[in-house]
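Notes for the one structure printed next.
The values are calculated or read from the model by the stated rules, or taken from the named source; none is laboratory data. Since the model is a prediction, treat every value here as computed from it, not as a measurement. Cβ: placed from backbone, ideal geometry, glycine included. Neighbour counts: every protein chain shown.
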Amino acid sequence: MGRKSYVEHTAVTVQDIDWSVRFFVQVFGMSVTRQKENHGHLSQVWLDGGIQLVASPEDPAVGRPHHLGIVVQDFSAVRRDMLRWEGVHPMEGKPEKWLQLPDGLVLELFQEKSGAVEQVLAISVK
């Protein structure tokens, strides 16, 4: 199989989203690229390092992955292949790009912009 992909962002649940934003900005030098409020309270923040923070102050699963955003070269083929695996299913009430694995891990798929996957994978960071 010649298809390639990469993780574009990782979303994690956090108990105190304001503290978490300050931490990633001050310690790692990341910048807020987008934020979302719910009923006047900060509910989600995207940082330029590929991290999405999801406020979950009452959730016992805080600190765990919320979902992985994955950029793929062929959205339709990847989605079709994923659904052939036992236990993989679309998420009810969500757009088709959202799928859940049998262990509960949620994946959000994105169609690449032409050549993006190859360009990202060509970068050597270690």
Task: segment 1-26 residues that are more than 20 Å from L105 (Cα to Cα) and polar (S, T, N, Q), paired with ones that are modelled with pLDDT of 90 or more and surrounded by 15 or more Cβ atoms within 10 Å (Cβ to Cβ) (beta carbon under 8 Å, 6 or more apart) - done: S20/V45; S20/L53
- [ ] Using the structure shown, decide if S56 is within 29 Å of Q119 (Cα to Cα) and of a type outside the set (D, E).
- [x] no
Task: Considering residues of segment 71-97 that are part of a loop (DSSP other than H, G, I, E, B) and in contact (Cβ under 8 Å) with a residue 40 or more places away in the chain only, the residue farthest from G115 (Cα to Cα) - done: D74
- [ ] Within segment 78-112, track down each residue that is of a type in the set (D, E, K, R) and loosely packed, with under 15 Cβ neighbours inside 10 Å.
- [x] R80, D81, R84, E86, E92, K94, E96, D103
TODO: Residue by residue through segment 62-77, note down the ones that are among the small types (G, A, S), exposed (fewer than 15 other Cβ atoms within 10 Å of the Cβ) and under 15 Å from the mean Cα position of the chain (by Cα).
DONE: G63
TODO: Please tell me if V32 is closer than 25 Å to V125 by Cα, aliphatic (A, V, I, L, M), surrounded by fewer than 17 Cβ atoms within 10 Å (Cβ to Cβ) and in contact with a helix residue (DSSP H, G or I) (Cβ under 7 Å, 6 or more places away or on another chain).
DONE: yes
